[in-house]
1. Using a simple spin-label model with points 7 Å from Cα along the Cα→Cβ vector, what separation in nm is obtained for THR253 and LYS223?
2. Any idea how far apart GLN40 and ILE198 come out in nm if each label point goes 7 Å out from Cα toward Cβ?
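Each reported figure results from applying straightforward, stated rules to the coordinates on display, with no laboratory input. Keep in mind it's a predicted model, so treat the numbers as computed, not measured. No Cβ is skipped: glycine too gets one built from the backbone with ideal geometry, and neighbour counts run over all protein chains shown.
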Amino acid sequence: MRTMLFDSSVRRELWRSFVGTLIILLTVVLTMVLIRVLAQATKGAFAPADVGLILSYTVIAQMPVMLALALFVSVVRVLSRLWSESEMVVWQASGARQFSFVPPLLRMAWPVLALVALVTLVARPWAQTQALVLRDRYEKRSDMARVAPGQFQSSADGKRVFFIDSHSDGEKTGRNVFMVLTDKGQEAVVTAAEGNLIIERGQRFLVLRQGERIQTDLETGDKSLAQFDTARLLVGEVATADRVAPDLRSTGTPELFRIKTREAKGELAWRLGLIWATFNMALAGLSLAAGNARRNTSWNLVYALLLFVVYFNLLTLSQNWVAKGKMSWPVALWLIHGLLTLGALGVIWWRDGAMIGGRRLGRGDKVRLLARNASPQKGAA
């Protein structure tokens, strides 16, 4: 009965703290990501209509780190509160050791670990792929479709400036088109009643109707005027998938095992290491939460924050080491994450309250320990 009460009580407190911490982190991250996504949209990185999708994909990519941090903070907060309010002393007096918190902690943490693994290995590469598809699709759109009516906008290569009065036929055709083209010392000003973009044999052509072209030689200043009923201008090649540089972050995990490059192994080490890091964060939170009711300080939280920052920087460094060939990815995993696992277990054993002076506490020792730690500080109100 005591074991069941202990297990359910600890897990309930951990889940409450985890959900609250995750909601706060989601709010902060959503705000920061929204500001960054809106800034990228104004620079023309993707269509403004895709802001919501890009925001969702970015949050999915950041979700594993947020889950790991929420789990770590919840463990530190709950166990630190148990120490500060002397509840830990009661559990110790009833026979619970520091290692007794490992089973309920792992029972609470395994759904989080499974979710981190799912998001890291499956959902994050998918989200990265979808974001690249949206950006690539926007780049493949016609220059005419990118232009908002009544606004000047440069083309993707910077050699053309467009202005249209309005769209017709969806966004495929523009009316009252104005263009300025600059290339090889020549500047041309083209006006037309309407224009649309067509694709032939991998080339993009802008078809203009009922317009005129004024061309100026920038070196001599000579000008020429030509009127036309229909004109075609080559505006570039169609971007294809083989011309787009591959992004390892969007590569599926099974494919990463088949790719033999160092960069692919570095990305694989980062993904597997993040799952292991989430497990280590739970153990590290248990090892850092030990305290004393007589000394109600916040140093444990400071140490926890420092550990999280250093650890996740080492996670990124290990990816770079593998990508540069300084070590293999299994060695990087065991060196960074295996050592922290052993260190966290060692600290838990060292701080185990059920061992004092190398011997187990007897019943009388437990009563004296409870009375000593639960007693108020001298001079306290």
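1. 6.6
2. Calculated label separation equals 3.6 nm.
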